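What follows is a set of notes on a single structure, which appears directly below.
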Ligand code: IPD
Ligand code: CA
Ligand code: CA
């Protein structure tokens with residue numbers, strides 16, 4: 001895809017998530033139909049499902065050949081990454097959406113033959129739209145974002161999945177003690193935004209492809225590392241533990257989490 005086509009794709013993706021965000025804000029105080037999925041902490045609502053259907057219909061109108069992986073099941077059963085593939089998370093942070101009406105995101109990632117191409121993350125209630133990719137750079141609304149200055153783990157705030165911290169996975173209690181502090185935000189998209197803005201230096205979580213896709217495009221464009229904790233590349237067809245961080249922080253975290261010599 002050349003730069004003009006990529007810019008048009010990004011414009012469309014921004015438009016789709018902006019419209020979806022406006023719809024959610026308009027209905028934010030409507031009664032919700034809330035269901036559980038894998039556990040009582042894994043929720044889906046009628047607005048998650050409706051938003052996914054709307055986003056997928058918009059994608060199919062403009063890119064009928066593309067494959068679409070959607071969290072709530074209205075997309076395709078994607079088994080390879082050939083061609084243009086969209087990853088859709090209609091509401092990221094559904095628990096926050098239900099309990100706080102705040103701190104949730106809409107995310108779409110577009111990949112070509114498995115390579116990150118364009119990502120968009122909308123902080124719905126703050127109406128802050130992060131978007132970009134390797135051909136375009138990264139922007140918050142219309143303002144370019146520059147690469148963040150790398151900090152050591154000691155000097156930075158660390159975002160982590162609550163389960164990992166509770167069960168001390170990957171020596172996360174020691175990671176907590178070594179870092180300037182830990183933050184648990186309840187939305188991968190909102191965590192990614194903290195990294196893009198340089199407010200946190202790392203995020204460690206167990207994520208599905210739709211959780212990781214959009215933010216990965218922008219984090220990598222800004223020079224951050226997005227990989228499995230041991231450094232293996234992500235497989236965008238399966239869930240797994242993901243570490244997103246600036247280079248010096250990756251080394252600090254691996255030394256503690258995997259007992260690696262520095
Ligand atoms: C969840 C959130 C959460 C992360 C979970 C995700 P959802 O997404 O991003 O922060 O810890 O792994 O599943 O289910 O609210 O879209
Ligand atoms: Ca979701
Ligand atoms: Ca999610």
Taking a ≥ b ≥ c as the square roots of the Cα gyration tensor eigenvalues, with a/c under 1.5 meaning rounded and otherwise prolate when a/b beats b/c or oblate if not, the stretch 18-80 comes out oblate
Note: the chain, point scatterers on Cα, Debye, no solvent; log10 I/I(0) at q = 0.10 Å⁻¹ equals -0.46
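Give the shape of the stretch 167-262 as rounded, prolate or oblate, defined through the alpha-carbon gyration tensor: a ≥ b ≥ c are the square roots of its eigenvalues, a/c under 1.5 means rounded, and otherwise the shape is prolate if a/b is larger than b/c and oblate if not. List each step's numbers first, then the result.
Values: a/c = 1.45, a/b = 1.28, b/c = 1.13.
The shape class here is rounded.
For the stretch 1-157, just say rounded, prolate or oblate: build the C-alpha gyration tensor, square-root its eigenvalues into a ≥ b ≥ c, call rounded for a/c under 1.5, and beyond that prolate if a/b exceeds b/c, oblate if not. Before the final figure, lay out each step's value.
Numbers: a/c = 1.58, a/b = 1.15, b/c = 1.37.
Note, shape of the stretch 1-157 comes out oblate.
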For the chain, longest principal axis from Cα atoms; helix 209-221 axis from its Cα atoms; angle between them, nearest 10 degrees, is 70
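Given the Cα-Cα distance of residue 146 and residue 54 and 0.36 nm per residue of separation, how much length would full extension add, in nm? Please report the intermediate quantities before stating the final value.
On the way: separation 92, 0.36 × 92 = 33.12 nm, distance 3.23 nm.
Extra length from residue 146 to residue 54 when fully extended: 29.9 nm.
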Length-normalised contact order of the stretch 28-113, Cα under 8 Å, at least 6 apart, in percent, tallies to 24
Of 172-184, 35-47, 239-251, 120-132, ordering from highest average Cβ density within 10 Å down gives 120-132, 239-251, 172-184, 35-47
To the nearest 10 degrees, the tilt of helix 3-26 (Cα long axis) against the first principal axis of the alpha carbons of the chain is 90
Distance in nm between residue 171 and residue 27 label points, each 7 Å along Cα→Cβ, equals 4.8
Helix 46-62: inclination vs the chain longest Cα principal axis, degrees, rounded to 10, gives 70
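Using only alpha carbon pairs under 8 Å that are at least six residues apart, calculate the relative contact order of the stretch 100-203 and give it in whole percent.
Numbers: 166 pairs, mean separation 26.0, N = 104.
It rounds to 25 percent for the stretch 100-203.
Using mean Cβ contacts within 10 Å as the protection proxy, how do 213-222, 16-25 order, highest first?
Details: 213-222: 25.6, 16-25: 19.0.
Order by mean packing, descending: 213-222, 16-25.
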Scoring the chain by relative contact order with C-alpha pairs under 8 Å, at least six apart, yields a percentage of 17
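Given a Förster distance of 22 angstrom, what is the FRET efficiency for residue 197 paired with residue 95, based on the Cβ-Cβ distance and rounded to 0.05? Could the numbers behind the result be given before it?
Numbers: r = 23 Å, r/R0 = 1.03.
Once rounded, the FRET efficiency stands at 0.45.
Values in this text are rule-based calculations from the coordinates and carry no lab data. Just so you know, these numbers come straight off a predicted model, no measurement behind them. Cβ coordinates were reconstructed from backbone atoms using ideal geometry, including for glycine residues, and neighbour counts include every protein chain displayed.
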